[in-house]
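S.K.: Could you have a look at this structure, given as structure tokens, before my questions?
The values are calculated or read from the model by the stated rules, or taken from the named source; none is laboratory data. Since the model is a prediction, treat every value here as computed from it, not as a measurement. Here the Cβ is made from the backbone with ideal geometry for all residues, glycine too, and neighbour counts use every protein chain on show. Surface accessibility is based on the protein's heavy atoms, side chains included, excluding ligands, DNA and RNA. Shrake-Rupley method; radii C 1.70, N 1.55, O 1.52, S 1.80 Å.
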Amino acid sequence: MKCPRCEREFAFEFLNVQQWLKSTTLDSEQLSFLLCNYEGPLCSECTADFQSSFYASGVNPAMVKPKSNQKR
């Protein structure tokens, strides 16, 4: 299987994606972001990097909603 983040081939050791989702240590917000932004499971290296850097800036930019009444 090819990792959608780094594009390296890796051995996917689960029968299906649902088993992978149940076994991962990612929290619900991380899983939501991953499912919305990638086409499949990440390799173990990318999963570890993704998990350790997800909250690095306090709020993931993809989760911030723009202010609708902001003056220019």
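S.K.: Starting from the residue with the highest accessible area, list Glu13, Glu39 in decreasing order, probe 1.4 Å.
M.R.: Glu39, Glu13
S.K.: Which FRET efficiency, nearest 0.05, do Asn37 and Glu13 yield, Cβ-Cβ r, R0 22 Å?
M.R.: 0.45
S.K.: Can you list the residues, at least 5 places off or on another chain, whose amide H is less than 5 Å from the amide H of Phe54, using H built in the peptide plane?
M.R.: none
S.K.: Residue by residue through the stretch 24-29, which ³J(HN,Hα) values in whole Hz follow from phi under the Karplus form 6.51 cos²θ - 1.76 cosθ + 1.60 (θ = phi - 60°), with glycine and proline marked x?
M.R.: Ordered by residue, 3J(HN,Hα) equals 6, 9, 5, 7, 5, 5 Hz.
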